[in-house]
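The values are calculated or read from the model by the stated rules, or taken from the named source; none is laboratory data. Everything numeric here is computed off the predicted structure, so don't read it as measured data. Glycine also receives a Cβ, built like all others from the backbone with ideal geometry; neighbour counts cover every protein chain displayed. Accessible surface areas use protein heavy atoms only, side chains included; no ligands, DNA or RNA. Shrake-Rupley method; radii C 1.70, N 1.55, O 1.52, S 1.80 Å.
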Amino acid sequence: MINKVILIGNVGQDPEIRYVGDPSSTTKVATIRLATSERYKDRSGVLQEHTEWHSVVAWRGTADVVEKYVKKCTQIYVEGRLRTRSWDDQGGNKRYSTEILADTLQLLGRRSEIPGSGAYQPSQP
């Protein structure tokens, strides 16, 4: 079985950085909202654009890179895996969320805009 996602897109807002774990051992986690767009002509020949929003989750060392270098409008390349979580909300309704767990994250754009740019491949969470 293969579970692989490859995306190139623009970050829609500054990443959210948080820490999980108990007080003696915490792990950094970064969440990124990433937009990917496709352009096409409809049957009438009118140019259309569709934007899809993705939640990307980066752990540990990758989260460090995200915290230092990624901000709103940064263009990034992400390789990772799909993960769907489910939970019951306050009303007892089943809710779902699908995220991309980043295995590789590369900053794109001009090097002058990205200090320390390059690919980062973390250890698995």
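Which of the following residues is within 20 Å of residue 6 (Cα to Cα), surrounded by fewer than 17 Cβ atoms within 10 Å (Cβ to Cβ) and of a type outside the set (Lys, Arg): 37, 44?
37
Could you name every one of the strands (runs of 3 or more DSSP E) located completely within segment 1-115 that has at least 2 residues being of a type in the set (Gly, Ala, Ser) and out of contact with any Asp or Glu (no Cβ under 6 Å at 6 or more places or on another chain)?
In segment 1-115, 25-41, 94-107 are the strands (runs of 3 or more DSSP E) which contain 2 or more residues that are of a type in the set (Gly, Ala, Ser) and out of contact with any Asp or Glu (no Cβ under 6 Å at 6 or more places or on another chain).
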Identify all residues within segment 86-102 that are small (Gly, Ala, Ser) and closer than 17 Å to residue 59 by Cβ; write none if there are none.
-> 97, 102
Does any residue of segment 47-59 turn out to be touching a strand residue (DSSP E or B) at 6+ places or on another chain (Cβ under 8 Å), within 20 Å of residue 18 (Cα to Cα), among the hydroxyl-bearing types (Ser, Thr, Tyr) and open to solvent by 30 Å² or more (accessible area, probe 1.4 Å)?
-> no
Search segment 19-43 for residues that are more than 26 Å from residue 108 (Cβ to Cβ) and pair each with any residue that is among the polar types (S, T, N, Q) when their beta-carbon atoms are under 9 Å apart and the residues are at least 6 apart or on different chains.
-> 19/26; 19/27; 20/26; 20/27; 21/27; 41/48; 42/48
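For segment 76-104, name all the residues that are surrounded by 10 or more Cβ atoms within 10 Å (Cβ to Cβ), of a type in the set (Ser, Thr, Tyr) and out of contact with any helix residue (DSSP H, G or I) (no Cβ under 9 Å at 6 or more places or on another chain). Steps first, please.
To start, the set of residues in segment 76-104 that are surrounded by 10 or more Cβ atoms within 10 Å (Cβ to Cβ) comprises 76-83, 95, 97-104.
Those left that are additionally of a type in the set (Ser, Thr, Tyr): 77, 97-98, 104.
If the condition is that a residue be surrounded by 10 or more Cβ atoms within 10 Å (Cβ to Cβ), of a type in the set (Ser, Thr, Tyr) and out of contact with any helix residue (DSSP H, G or I) (no Cβ under 9 Å at 6 or more places or on another chain), then 77, 97, 98 are the ones that fit.
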